[in-house]
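To start, the structure itself, in structure tokens.
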Amino acid sequence: FAGPLPSMDLYRRATQFACFCPIMQWHSEPEGGQFKDLMAGSSGENERSPWNIAKVYNCPEFIDEMRYWHKLREELRPYIYATAKKCVKENTPMMRPLFYQFPEDENGLNCEDEYMFGEDYLVAPFMEEDQTRREVYLPEGKWKDFFTGEVFKGGQVILSSEGGKIPVLIRI
């Protein structure tokens with residue numbers, strides 16, 4: 001985790017992604033950083049807490065945005081706990097490629113940038129910096145947008161662009 005700080009957008013995307021992963025964490029550094037000698041020509045600043053990113057980029061409102069994602073993660077805790085417990089019992093992964101969950105779906109077989117978080121959450125992370133829209137393939141079934149509540153029929157590709165939030169759909 002040495003190297004220059006990520007842009008605010010990459011930090012935002014990493015936080016959104018981590019919210020829907022088995023482990024969500026950020027890394028902190030001592031004041032002044034511990035990698036100054038390795039980062040010639042820079043301040044050595046490598047402290048990756050939300051408040052330091054907000055300070056470095058002079059964007060205090062960024063803290064509230066990060067607070068939203070961390071609170072959301074806490075709200076997901078019962079689902080994550082139940083899913084982890086079930087996965088241990090059944091010897092299955094918490095994060096699954098679509099083809100694992102939908103083995104008969106040929107489109108899911110070729111989908112490399114979406115995954116299932118447990119059995120119910122389809123997650124389609126943004127893969128590019130400053131990306132705010134993306135196509136999302138939905139396997140068969142009914143799906144509800146996690147953030148808007150909009151319901152979609154599976155077996156199609158939709159365009160997701162809910163305010164720059166990571167596309168997440170719940171199987172219903």
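The values are calculated or read from the model by the stated rules, or taken from the named source; none is laboratory data. These figures come from a predicted structure and were not determined experimentally. When we count neighbours, we look across all protein chains shown, and the Cβ atoms used for this are built from the backbone with ideal geometry, even at glycine.
Things worth noting here:
- The helices (runs of 4 or more DSSP H) falling completely within the range 43-148 that include 3 or more residues that are over 26 Å from residue 11 (Cα atoms) map to 77-90, 98-101, 106-109.
- Considering 5, 10, the condition of being assigned to a helix (DSSP H, G or I) and either modelled with pLDDT under 65 or not small (Gly, Ala, Ser) (or both) is satisfied by 10 alone.
- Screening residue 127 against (1) within 19 Å of residue 168 (Cα to Cα); (2) buried (at least 18 other Cβ atoms within 10 Å of the Cβ); (3) among the aliphatic types (A, V, I, L, M) leaves a single unmet condition, (2).
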